[in-house]
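Chemist: After the structure tokens below, expect a handful of questions from me.
The values are calculated or read from the model by the stated rules, or taken from the named source; none is laboratory data. Please read all numbers here as calculations on a predicted model, not as lab measurements. Here the Cβ positions follow ideal geometry from the backbone for every residue, glycine too, while neighbour counts run over all protein chains shown. Ligands, DNA and RNA are stripped out before the accessible areas are found, and what is left, the full protein with its side chains, is counted by its heavy atoms. Shrake-Rupley method; radii C 1.70, N 1.55, O 1.52, S 1.80 Å.
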Amino acid sequence: MLRIAQALETQLREAMQQAFPDAWDATQGVGLDPQLAPASKPEFGDFQANAALPLAKPLKQAPRQIAKAIVEQLQSDAGFTALCLDPQIAGPGFINLTIRPERLAAEVAARLGDDRLGVPSVENPTPVVVDFSSPNIAKEMHVGHLRSTIIGDSLARVLEFRGHPVLRLNHVGDWGTQFGMLITHLKQVAPEALDTADAIDLGDLVAFYREAKKRFDDDEAFQTTSREEVVKLQSGDPLSLKAWGLLCDQSRREFQKIYDRLDIRLSERGESFYNPFLPAVIEGLKQAELLVTDDGAQCVFLEGVSGKDGKPLPVIVQKSDGGFNYATTDLAAIRYRFAPAPDGDQARRVIYVTDAGQANHFTGVFQVADRAGWIPDGGRLQHVPFGLVQGEDGKKLKTRSGDTVRLRDLLDEAVERADADLRARLKDEERAESEAFISHVAGTVGLAAVKYADLSQNRITNYQFSFDRMLALQGNTAPYLLYALVRIAGIARKGGDLDASTAQLQFSEPQEWALVRELLKFDAVIAEVEEELLPNRLCSYLFELSQVFNRFYDQVPVLKANPETLPSRLALCRLTADTLKAGLGLLGIGSLERM
Ligand code: ARG
């Protein structure tokens, strides 16, 4: 009802202006905002305008008096009376607004023929970078990266749907000291890995990395050689570059398998990409007079952010040995992402999806970029943090043997469990289905469950990973939503699909109106996710919609409805299915007709 709300907003503003033509200077900044909000309870109608209350003081009138004056103006506005029933003044001075039923029905009809389901494309598309997933080479992608991947993908989908050009960037950790240790270690224990593709697999690579890290921490000579290796690599030594390229390829292929399974598109642009731009970051900070040498390192001291000792915290951009840091790369990336094409991405909004543990890193980097003047007018940098993935015991997610959980295994297990659940259900229901059907349904449900479980939580909080909960057919789960879709597909099969163009919509039952109103919220929910970057809002909405639909379907005859009401009820079923499919699609989740 985004468009309806906009129309109402304008009508209210005009009514306020006309009711108190000379008073606006006297309102001391309270101004003309009608304070339009969705009604707090369904019996109050669709919207409420709360403007009268804050105006009481500056206008020196009782709020009910003010509300009455606004309502009188509204009643003489033909546009308003065509849209709303008679406004009601409630409580201390709220104006309750109810949209005319025929207008709601017309909205439903319009959405039936609209593949955007009433969600307008934005008027001013903003080029956006979504920096997400971003695992590290030579390490396994872990559940934190899974969260970033799932949340980032969903945010990108919503922004794309709204019409923004979105660049989905995989800022992989493919540069820096870890390669020095890894190359030094491999030269001694598995030199073939450095000049032959596929000589080792990712599992081996991860193990070698662990060994290398241990040696680096324990052995000073190893440390020195590793540092020399990094310098060699960073200065472009061909053999080092070749070894580095092979190691990256190895990891990249493994990552890609996960992305393919999850149906996720990403452009890889790792930390190494920004290597040539790092000296200019230091130079730029020097020119901006932000750089301070502290204990041999180049730093920028943050304003308003201090450590435990009360002293301002530094962002270290160049270490005493000349090496650059994670933060330096992020500063170079900010400049590149905001810079005009062709040597930049021309973005105006950059979104970083990482665990909440990196919040300080981003606060620091954003502040430095701002003080250096690297954020253009209207440019926005946003960190989208998320909490930890925990096991059912509330501790860090681990396998039974205490190892970190590999993503591949986790996805396999979700699908295996969905498969077992499905076979058990088929047996109960004495249904025979082909193996192809079972594997398709189990594959879709298993991955949908993993994604949805993650997205449906408020991302800021930690979340407990539970296969049982995410695969349950009841509750706020992917299977519950998919089941609603399957139910509707069954109705369409039995009742014949509806010809939307000829349907004359008429609703009478309260469950029908509840469903109509729920369906019409979709556009506002999408706009909210776009702004707040909280996919769980969309999940809650889809859950609510499924519940309202199930109530409607359980209480109002659909297939047995009489010929006059049948098309309207089928129309509600169709629009519910379309809305669920579109919503799930924006979460990166596929749909099913049967399950
Ligand atoms: N590679 C990092 C990690 O695994 C995440 C990178 C996030 N993006 C960024 N521009 N810093 O924690």
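Chemist: Hey, can you grab everything whose amide H is under 5 Å from the amide H of Asn136? Only 5+ residues off in sequence or another chain; H modelled, so Pro and N-termini drop out.
Modeler: Gly173
Chemist: For the chain, what proportion of DSSP beta bridges, expressed in % and rounded to the nearest 5, is antiparallel?
Modeler: Antiparallel bridges make up about 50 percent of those DSSP assigns within the chain.
Chemist: Under a point spin-label approximation (7 Å from Cα along Cα-to-Cβ), what is the Glu211-Thr81 distance to one decimal in nm?
Modeler: 8.6 nm
Chemist: What percentage of all Cα-Cα pairs in the chain are separated by more than 32 Å?
Modeler: When all Cα pairs of the chain are counted, 59 percent exceed 32 Å.
Chemist: Sorted by accessible area (1.4 Å probe), largest first, how do Val189, Val172 line up? Mind showing how you got there, number by number?
Modeler: On the way: Val189 75, Val172 0 Å².
From most accessible down to least: Val189, Val172.
Chemist: Can I ask one more? Per residue Cα convex hull volume for the range 446-553, in cubic angstrom?
Modeler: Looking at the range 446-553, the number lands at 127 Å³ per residue.
Chemist: On to the next question. Using bins 5 angstrom wide from zero, how does P(r) for the range 384-504 break down, in % of all Cα pairs?
Modeler: Histogram of Cα-Cα distances, whole percents per bin: 2, 10, 16, 19, 17, 12, 9, 7, 4, 2, 1, 0, 0.
Chemist: Also, I was wondering about something else. Under 17 Å between alpha carbons, and skipping anything fewer than 8 positions from Lys581 in its own chain: which lysines qualify?
Modeler: Lys451, Lys521
Chemist: Can you order the peptides 116-125, 469-478 by their average number of other Cβ atoms within 10 Å per residue, highest first?
Modeler: Per-residue Cβ counts within 10 Å, averaged per peptide and sorted highest first, yield 469-478, 116-125.
Chemist: Taking a cut-off of 18 Å between Cα atoms, list the lysines near Lys68, but don't count ones fewer than 8 places away on the same chain.
Modeler: The reachable lysines, counting only those whose Cα sits under 18 Å from Lys68, are Lys57, Lys60.
Chemist: At 0.36 nm per residue, minus the direct Cα-Cα distance, what do Ala288 and Ala436 gain on full extension? Give it in nm, one decimal, please.
Modeler: Values: separation 148, 0.36 × 148 = 53.28 nm, distance 6.30 nm.
Taking 0.36 nm per residue and subtracting the Cα distance, the gain is 47.0 nm.
Chemist: Ignoring ligands and nucleic acids, what accessible area does His383 show with a 1.4 Å probe (Å², nearest 10)?
Modeler: Here the residue's solvent-accessible area equals roughly 40 Å².
Chemist: In Å², what does the accessible area per residue of the chain work out to with a 1.4 Å probe? Walk me through the numbers before you get to the answer.
Modeler: Details: 27360 Å² over 595 residues.
Result: 46 Å² of accessible area for each residue.
Chemist: Between Asp219 and Asp260, what length in nm is gained on full extension when 0.36 nm per residue of separation is reduced by their alpha carbon distance?
Modeler: Working: separation 41, 0.36 × 41 = 14.76 nm, distance 4.02 nm.
This chain segment gains 10.7 nm when fully extended.
Chemist: Per DSSP H run of n ≥ 4, the term is -39500 (n - 2.57); total these for the chain, divide by its residue number, and report the mean residue ellipticity at 222 nm rounded to 500 deg cm²/dmol.
Modeler: Rounded to the nearest 500, the figure is -17000 deg cm²/dmol.
Chemist: Report P(r) for the range 315-385: all Cα-Cα distances, bin width 5 Å, range 0 to the bin holding the largest distance, values in whole percent.
Modeler: Here the calculated profile for the range 315-385 is 4, 16, 26, 25, 17, 9, 3, 0.
Chemist: Compute the Kirkwood hydrodynamic radius of the range 348-454, taking the inverse of the mean of 1/r over all pairs of distinct Cα atoms, and give it in Å to one decimal.
Modeler: 17.7 Å
Chemist: Let me ask something else about it. Run the simple label-point estimate for Asp295 and Thr404 please: 7 Å along Cα→C-beta, distance reported in nm.
Modeler: Output for this residue pair reads 2.7 nm.
Chemist: Against the longest alpha carbon principal axis of the chain, how many degrees, from 0 to 90 and to the nearest 10, is the axis of helix 101-112 turned?
Modeler: Relative to the chain, helix 101-112 is tipped by roughly 40 degrees.
Chemist: What relative contact order, as a whole-number percentage, does the chain give when Cα pairs under 8 Å and 6 or more residues apart are counted?
Modeler: Relative CO of the chain lands at 14 percent.
Chemist: What share of all Cα pairs of the range 1-150, in percent, falls into each consecutive 5 Å distance bin?
Modeler: Computed distribution, short to long bins: 2, 8, 15, 16, 13, 10, 8, 8, 6, 5, 4, 3, 2, 1, 0.
Chemist: Counting only residues 5 or more places away or on other chains, whose amide H sits under 5 Å from the amide H of Gln318 once H atoms are built in the peptide plane?
Modeler: Gln298
Chemist: Which ³J(HN,Hα) values in Hz, rounded to whole numbers, follow from the phi angles of the range 168-177 under the Karplus curve 6.51 cos²θ - 1.76 cosθ + 1.60, where θ = phi - 60° and Gly and Pro get x?
Modeler: Values per residue, Gly and Pro as x: 9, 10, 9, 8, 5, x, 10, 8, x, 4 Hz.
Chemist: Using 1/(1 + (r/R0)^6) with R0 = 56 angstrom and r between the beta carbons of Ser540 and Asp309, what's the FRET efficiency to the nearest 0.05?
Modeler: Details: r = 43 Å, r/R0 = 0.77.
Given R0 = 56 Å and the Cβ-Cβ separation, E is 0.85.
Chemist: Something else: Going by average Cβ neighbours within 10 Å, how do the peptides 205-212, 235-242, 444-451 rank, with the highest at the top?
Modeler: 444-451, 205-212, 235-242
Chemist: Round to the nearest 0.05 the FRET efficiency obtained for Asp355 and Arg13 when R0 = 56 Å and r is the Cβ-Cβ distance.
Modeler: The calculated FRET efficiency here is 0.85.
Chemist: Quick query: amide H of Leu167 versus all other amide H atoms, modeled in the peptide plane; which residues come in under 5 Å with a sequence gap of 5 or more or a different chain?
Modeler: Amide H neighbours of Leu167: Val128, Val129, Val130.
Chemist: Once phi is turned into ³J(HN,Hα) by the Karplus curve 6.51 cos²θ - 1.76 cosθ + 1.60 with θ = phi - 60°, what whole-Hz value does each residue of the range 236-246 show in order, with x for glycine and proline?
Modeler: The phi angles translate into x, 4, x, 5, 5, 4, 5, 4, 4, x, 5 Hz.
Chemist: Between Asp237 and Leu426, what's the calculated FRET efficiency when r is the beta-carbon distance and R0 is 60 Å? Round to 0.05.
Modeler: So, using R0 = 60 Å, E works out to roughly 0.50.
Chemist: Related question: With no solvent and one point on each alpha carbon, what is the Debye value of log10 I(q)/I(0) for the range 490-595 at q = 0.11, 0.12, 0.13, 0.23 Å⁻¹?
Modeler: -0.36, -0.42, -0.50, -1.29
Chemist: Excluding residues fewer than 8 places away in the same chain, name every one of the aspartates and glutamates whose C-alpha is closer than 20 Å to that of Lys286.
Modeler: Asp294, Asp295, Glu303, Asp321, Asp330, Asp370
Chemist: Oh, and also: So how far apart, in nm, are the two label points at Leu473 and Gln6 if each is 7 Å from Cα heading toward Cβ?
Modeler: Once both label points are built, they end up 4.3 nm from each other.
Chemist: In addition: Report the relative contact order of the range 189-301, percent, no decimals, based on alpha-carbon pairs under 8 angstrom and at least 6 residues apart.
Modeler: That works out to 22 percent.
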